[in-house]
Amino acid sequence: MKQTLFSATLDNGITLLGEDLPDLESAAVAIHVPAGAVHDGPGRCGLATLAGELCLRGAGQRDSRRIVEDLENAGVQWAHSVSATHASFSGAMVARRLPDALPIFADIVRRPRLPPDEFDAARDMVLQGLAGTEDDPAHRTMLALRQIHFPAPWGMPAEGLAAEVERLSCADVRRFCSTHLLPAGSIIAVAGRIDWPDFVARCTRLFGDWRGDPPPPIAPGPRGPHSRHVPHDAQQTHVAIAWSQPPYRDDASHEATAALGILGGGSSSRLFTEVRERRGLCYTVSAGYQTHRDFAIAVCYAGTTAARAQETLDVILAEIERLPGTISAEELDRIKARAKSALVMQQESSAARAGSLGRQWYHLGEMRTLAEELARYDRLTVAAVEDWLAAQPPKDLSVVSLGHEALEVPRGVSA
Amino acid sequence: MAFLRERLDNGLEVIAETSAHAVSTSVGFFVNTGSRDESDLLWGTSHFLEHMIFKGTESVSGDEINRRFDAMGASANAYTAEEDTVYYATVLPDRQADAVDLIARMMRPALREEDFSTEKLVILEEIRMYDDQPPFGADDQCRAAFFGDHPLARSVLGTVESITALPVEAMRDYHHRRYAPGTMVLAATGAVDFPALVADARRLCGGWESQPDTTRLRPDAPDRAARPGTTRIVRPSATLEYGVRMSPGPSERHADRFAAKLLAAVLGDSSGSRLYWALVDSGDAEQATLHHHEFLDAGLFVTQLSCDADAIDTQFERILEIYRDAATRGIAGPEFDQARNKLASRVVLAGERPRRRLFEVGGEWAHARTYRTVAETLGIVESLTRNDVQQVLERWRLDESASIVLAGPSGG
């Protein structure tokens, strides 16, 4: 498949990425500024998220309402989010409205007003979101797992901790924005029916004179304990297991994610077959891959009635242990087919492609063409996956349970 | 874009919207059956049957179905609602025949007793999972209160009791009656080879027997809440209080349906709406939204609110004040324009993806035998006027006759 990819770098360190998808009516843009939650600082968990929220409450000549009105009148389906590493602002729209959206996003990241009279409402909004999270048992289980498995501060919840958010002030947010909302390391990705030279010219005008030095990098801190029980009063118990994986930029990540897919990706995977189809132990069971730039994890998750939670954990652990040395060619072929199909179908969504370009650049420092990605899957062999598993079998598992009672984690599983 | 249609001798409709630029093909069976077609004894059968369809036919095992979908790189799934059960797969175009072959065979399942017993455990887990999650059953209970004795009152999942008591024979009989060619549509969107689709449909589905009587239960739906007022579900461990409010709205056959969606966007979209600015932006509520939900012969305006337990009554009162203000003073030009632009953009962007179009095209055909291009839907949205929205406000008073269910720690 022919693909037209573009990249350019502005003097201030901003990377522009683009993909022309001329058959689409839409265009999507995503701006990633390296002002993520790892920069929150001790005792200020949630600062980056609160800063992202306050940035939307007035920027440049627009007040809070005007930002939303102007975006929505241009038909921009907009979103913002704060991850461990980035504050991201994005929008998908009918392609001809892209020039209307760009100046609004430029104001949000470059000229946020950070109005003191909006601060309490912004903080309350973040706290409401955190209270809602308390009622989502699966989400809480995953937060607890990341917290014990990743080194601080990568394991801290980007959305914040209520007790720490309550103590934040508008001055904290203003300080954070002045030291972290900066061009160096920022990525602006666009995909869809685009005019690349015009996009570069507009971005140069809107972002080219943005200046500032990047903050010092954050060093990984200590890890938490390796298993944890979270008491929770409900019918179901939730179980999540993690172990370390090579990050996406590591060449071995393809072997690692293929092995994980065989374990728990898709309805013919081993976990789905053994836990749900054979035993009817739960409705949801899966294994997935979550990556930062320097470290990644495999994550297994299941939710089930308290009385059957121990059996569910035992079956999952047995399947993890059984994985090395047992992979079949048919299983690997199915993983390849699913991955390739998903890659090709991304071409139908400008938002999916813009997201993918930004992720690739952050993790790899390059954009891979679809053909290159497909070729990487084609090259995967059972022997390569098995060799990798033999060298790196799942070990030092972190285990979290959330429910009435703690589960028994066999000795030797958890480090 | 082209729309193509064929009707097999046994009544099965085969339709496709083909798109020259698509890189994927979506196919799906739209079955006109859901929880409204059940009796109390069959409560939850439509959804349970949807799971059982994946457990295999006489000649294809459940494991093989899962393996074949994954081997063709399909994104395949199913869902059950009050009036529909839908099975779908999205594949690369060269896998169209594989996807159609598998999904069509699945429509004639073995319904083995052993699979039935195992899958029953999964369904019970699914019921408990949703019961542990916000809004803690408030949505199902609210629909039950609104519809009273009407079949639309029934929840899709059923209850622990109804599922536990269900015998496999009842499901086999239900399948025989409801999965008849006359109640099903085979739809495809994207890069579709239509002649091949029709030939495959003839070969795989042409022998399905028609049923003499496939009409569904159609008692008159209530045009106001059957049990108005507020009910409370106590969940001591919940952090927030969750509220669901339902009041009457236009059905999917009513001329007001598009204007109703525009009104819901003005008043209660998840961003930039009156509820958003008053309750969410201020940090007073985690969520405050209004949307319009339509059935064949009934419609609802659904308000969803989550906030601190001790503030729920106050916040609902503020929402009602917003509804009263809109009913008496109408809506302003700029907020109307903003909502219309937003809906128009959604129509265009959703129209780019064959998978999204499948639900639109297949669903409309299964219910009403109508087809609209993306451009035609866009035309409808763009031609809406403030007067249309004003009529909806007058016909379907948002501040009157509603059922409300609250779930959370307060317990009143």
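Mind listing whichever residues of the stretch B:365-399 are among the hydrophobic types (A, V, I, L, M, F, W, C), in contact (Cβ under 8 Å) with a residue 24 or more places away in the chain and surrounded by fewer than 17 Cβ atoms within 10 Å (Cβ to Cβ)? Those that are among the hydrophobic types (A, V, I, L, M, F, W, C), in contact (Cβ under 8 Å) with a residue 24 or more places away in the chain and surrounded by fewer than 17 Cβ atoms within 10 Å (Cβ to Cβ): B:Ala368, B:Ile380. Residues that are away from chain A (no Cβ under 14 Å) and farther than 24 Å from B:Gly207 by Cβ within the stretch B:1-16 comprise B:Ala2, B:Phe3, listed in sequence order.
Yes or no: B:Ala145 touching a Lys or Arg at 6+ places or on another chain (Cβ under 7 Å), away from every other protein chain (no Cβ under 11 Å) and either without any contact (Cβ under 8 Å) to a residue 24 or more places away in the chain or assigned to a helix (DSSP H, G or I) (or both)? The answer is yes for B:Ala145. For the stretch B:212-251, the candidate set comprises residues that are part of a strand (DSSP E or B) and within 14 Å of another protein chain (Cβ to nearest Cβ); within that set, the residue that is nearest to B:Leu393 (Cα to Cα) is B:Gly243. Scan the stretch A:39-52 for residues that are crowded, with 24+ Cβ neighbours inside 10 Å and touching a helix residue (DSSP H, G or I) at 6+ places or on another chain (Cβ under 8 Å) and the total you get is 7.
Filtering the stretch A:292-324 to residues that are part of a strand (DSSP E or B) and more than 26 Å from B:Glu119 (Cα to Cα) leaves A:Ala296, A:Ile297, A:Ala298. Taking (1) under 26 Å from A:Asp333 (Cβ atoms); (2) away from chain A (no Cβ under 11 Å); (3) of a type in the set (A, V, I, L, M, F, W, C); (4) crowded, with 21+ Cβ neighbours inside 10 Å in turn, B:Ala104 satisfies each apart from (4).
In this structure, is A:Arg276 touching a Pro at 6+ places or on another chain (Cβ under 7 Å), of a type in the set (Lys, Arg) and not assigned by TED's automatic domain parsing to the domain that holds A:Pro153? For A:Arg276, the condition - touching a Pro at 6+ places or on another chain (Cβ under 7 Å), of a type in the set (Lys, Arg) and not assigned by TED's automatic domain parsing to the domain that holds A:Pro153 - is not met. Between B:His150, B:His175, the distinction of being surrounded by fewer than 23 Cβ atoms within 10 Å (Cβ to Cβ) and within 30 Å of B:Ala16 (Cβ to Cβ) belongs to B:His175 only. Among the residues making up the stretch B:67-101, those that are away from chain A (no Cβ under 14 Å) and assigned to a loop (DSSP other than H, G, I, E, B) are B:Ala81, B:Glu82, B:Glu83, B:Asp84. Residues in the stretch B:10-24 that are more than 27 Å from A:Ala342 (Cβ to Cβ) and not aliphatic (A, V, I, L, M): B:Asn10, B:Gly11, B:Glu13.
Conditions (1) of a type in the set (Asp, Glu); (2) within 14 Å of another protein chain (Cβ to nearest Cβ); (3) part of a helix (DSSP H, G or I); (4) surrounded by 16 or more Cβ atoms within 10 Å (Cβ to Cβ), marked per residue:
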| site | (1), (2), (3), (4) |
| --- | --- |
| A:Asp213 | yes, no, no, no |
| A:Ile218 | no, no, no, yes |
| A:Gly221 | no, no, no, no |
| A:Ile241 | no, no, no, yes |
| A:Leu263 | no, yes, yes, yes |
| A:Ser267 | no, yes, no, yes |
| A:Arg276 | no, yes, yes, yes |
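Of the helices (runs of 4 or more DSSP H) contained entirely in the stretch A:325-415, those carrying at least 3 residues that are under 30 Å from A:Phe6 (Cβ atoms) and either modelled with pLDDT of 95 or more or in contact with a Pro (Cβ under 7 Å, 6 or more places away or on another chain) (or both) fall at A:329-345, A:350-364. Filtering the stretch B:282-318 to residues that are more than 23 Å from B:Ser401 (Cβ to Cβ) and either surrounded by fewer than 24 Cβ atoms within 10 Å (Cβ to Cβ) or in contact with a His (Cβ under 9 Å, 6 or more places away or on another chain) (or both) leaves B:Ser282, B:Gly283, B:Asp284, B:Gln287, B:Asp308, B:Ala309, B:Asp310, B:Ala311. Considering B:Phe48, B:Phe29, the condition of being outside any helix (DSSP H, G or I), crowded, with 21+ Cβ neighbours inside 10 Å and more than 10 Å from chain A (Cβ to nearest Cβ) is satisfied by B:Phe29 alone. Could we say that B:Glu321 is surrounded by 18 or more Cβ atoms within 10 Å (Cβ to Cβ), among the acidic types (Asp, Glu) and either on the phi > 0 side of the Ramachandran plot or not in a loop (DSSP other than H, G, I, E, B) (or both) here? It is false that B:Glu321 is surrounded by 18 or more Cβ atoms within 10 Å (Cβ to Cβ), among the acidic types (Asp, Glu) and either on the phi > 0 side of the Ramachandran plot or not in a loop (DSSP other than H, G, I, E, B) (or both). In this structure, B:Ala264 does satisfy being out of contact with any Asp or Glu (no Cβ under 7 Å at 6 or more places or on another chain), in a helix (DSSP H, G or I) and either crowded, with 21+ Cβ neighbours inside 10 Å or outside the structural domain of B:Ser401 (by TED's automatic domain parsing) (or both).
Only one of (1) over 24 Å from the mean Cα position of the chain (by Cα); (2) more than 14 Å from chain B (Cβ to nearest Cβ); (3) surrounded by fewer than 20 Cβ atoms within 10 Å (Cβ to Cβ) is not met by A:Pro151, so which one is it? The failed condition is (1). A search for C-beta distances below 7 Å between a residue of the stretch B:93-104 that is in the same structural domain as B:Asn77 (by TED's automatic domain parsing) and any residue that is surrounded by fewer than 16 Cβ atoms within 10 Å (Cβ to Cβ), counting only pairs 6+ apart in sequence or on different chains, returns B:Gln96/B:Ala196; B:Ala97/B:Ala196. The residues listed here are B:Arg245, B:Arg232; of these, the one that is over 22 Å from the mean Cα position of the chain (by Cα), surrounded by 17 or more Cβ atoms within 10 Å (Cβ to Cβ) and under 20 Å from B:Asp139 (Cβ atoms) is B:Arg232. Right, A:Gln290: polar (S, T, N, Q), away from every other protein chain (no Cβ under 14 Å) and surrounded by 23 or more Cβ atoms within 10 Å (Cβ to Cβ) or not? No: the conditions fail for A:Gln290.
The values are calculated or read from the model by the stated rules, or taken from the named source; none is laboratory data. None of the values given here were measured: they were computed from a predicted structure. Neighbour counts run over all protein chains shown; Cβ positions are idealised from the backbone, glycine included.
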